[in-house]
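Comments concern the structure below.
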Amino acid sequence: MKIESRLAQIGSISEPVTGAVSFPIYNATAFRHPRLGESTGFDYSRTKNPTRTVLEEAIADLESGDAGFAFSSGMAALQTIFALFGQGDHLLVSLDLYGGTYRLIEQVLNRFGITASYVDTNRMDELEKYRTPKTKAVLIETPTNPLMMITDLRGVSEWAKRNGLLVIVDNTLLTPFFQRPLELGADIVIHSATKYLGGHNDVLAGLVVTKGKELSEKIGFLQNSIGAVLGPNDSWLLMRGMKTLALRMERHQFNALRIAQFLSEHPLVDEVYYPGLESHPDYELQNKQSSGNTGILSFKVKKARYIDPILRSIRLIAFAESLGGVESLMTFPAVQTHGDIPEEIRNRVGVDDRLLRFSVGIEHIDDLIADLTRAFEAAAAEEQSGEGERHS
Ligand SMILES: *Cc1c(COP(=O)(O)O)cnc(C)c1O
């Protein structure tokens, strides 16, 4: 069955007693055993919960994996994956990275003796240069957030396999609707399901999908042992959101491309970062490994002084952290999402004080363009009046 149909039918697996088409929320934490040595398959909800199981099976299927796991947040999902590693282990990690993942590695994992090198994961020579005998895995974001750099998933997976490394891909920005890393050779996919999968800025969740029996058993053991699982109510809410993923992603992509084109031609804008633009350096690679583009884009305005008036003047677009919801949000990464990354590293990648990230929602494109146009006009007007004062 096509992915649109599988998405729409998540949880509609006819609950056997009543035939309900929306899967019930099982709040029970304990399950009665028929007799000694027998179980319904459910014992205690941290280990396994019927509502969470439907979600976990759905994401495993959507990502073409063997097993799925639901967590209380994207960070909880990442922490559980990182528990595969121990004292002395080393990771290769995408240079332009979600700030929270950087913080988890540098301020938490480091204390347990796990270290990382931040590299351009699309450059084999860089990967090779930073690989040590202690390196265990590569963690890739593609596209990266906020600078939209693309990594060749097939190429890196082949290189990693030759060197005995696990490939972990954060697929938050594209979702399985547009990109399925396990089909390209990755071993583990992780999602902040808080973003596109949930899609409505109203549920915090993380998902993991694994390939292979051994890895699936290890993550299952860690999920139960660490216990950062997703509750049944949030599991249900997330599945409700996922049913419309195909429709939403198509609209996000449609709107984002038009916004990217609008920004590319705007006199106050210096640069636009969006893999859907033919001018993007990895446009072809992106088209080869994904069937579509995210609704996230970033852009640099010509002067840092434009940032404040733009963020004060947008009305339909909210000045807020996060991404991937139906509502448009704009973020200033240097102080918000990437504030925990040292300035030196931020500048090396280009996350500076002229960069804005735009999570383009599913509103009408005309209204979004009108909101941006007005915000840019306000920034230009402020500059004019500021200059006027100085000259008078
Ligand atoms: C938001 C995000 C995370 C963290 O997920 P939470 O659900 O906020 O814990 C990880 N990776 C990426 C790419 C994200 O955007």
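The values are calculated or read from the model by the stated rules, or taken from the named source; none is laboratory data. If you're wondering where the values come from, they're calculated on a predicted model, not measured in any experiment. Cβ atoms come from the backbone with ideal geometry, glycine included; neighbour counts cover every protein chain shown.
Tabulated data for the structure shown
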quantity	calculated
Set Gly339, Gly324: member being within 15 Å of the ligand (Cβ to nearest atom), in a loop (DSSP other than H, G, I, E, B), on the phi > 0 side of the Ramachandran plot and within 19 Å of the chain's Cα centre (by Cα)	Gly324
Residue check for Ser235: part of a helix (DSSP H, G or I), outside the structural domain of Lys300 (by TED's automatic domain parsing), in contact with a strand residue (DSSP E or B) (Cβ under 8 Å, 6 or more places away or on another chain) and of a type in the set (Gly, Ala, Ser)	yes
Within segment 256-268, considering residues that are in contact (Cβ under 8 Å) with a residue 40 or more places away in the chain and surrounded by fewer than 21 Cβ atoms within 10 Å (Cβ to Cβ), the one farthest from Gly292 (Cα to Cα)	Leu268
Residue that is farthest from Glu265 (Cα to Cα), among those in segment 333-392 that are among the hydroxyl-bearing types (Ser, Thr, Tyr) and touching a residue at least 40 places away in the same chain (Cβ under 8 Å)	Thr337
Breaking point among (1) within 30 Å of Arg346 (Cα to Cα); (2) small (Gly, Ala, Ser); (3) surrounded by fewer than 19 Cβ atoms within 10 Å (Cβ to Cβ), for Gly231	(1)
Cβ pairs under 6 Å, 6+ apart, first in segment 314-330 and touching a residue at least 60 places away in the same chain (Cβ under 8 Å), second more than 16 Å from the ligand (Cβ to nearest atom) and in a loop (DSSP other than H, G, I, E, B)	Val326/Ile362
Set Asn145, Asn110, Asn122: member being within 30 Å of Ala260 (Cα to Cα), away from the ligand (no atom under 16 Å from the Cβ) and either among the polar types (S, T, N, Q) or buried (at least 21 other Cβ atoms within 10 Å of the Cβ) (or both)	Asn122
Residues being out of contact with any Gly (no Cβ under 7 Å at 6 or more places or on another chain), over 18 Å from Glu63 (Cβ atoms) and within 16 Å of the ligand (Cβ to nearest atom) - total across segment 157-202	1
Segment 57-98, residues that are touching a Gly at 6+ places or on another chain (Cβ under 7 Å), among the acidic types (Asp, Glu) and over 14 Å from Ile188 (Cβ atoms)	Glu57
Selected residue (criterion: nearest to Leu147 (Cα to Cα)) from residues of segment 297-321 that are within 20 Å of the chain's Cα centre (by Cα) and surrounded by fewer than 22 Cβ atoms within 10 Å (Cβ to Cβ)	Glu321
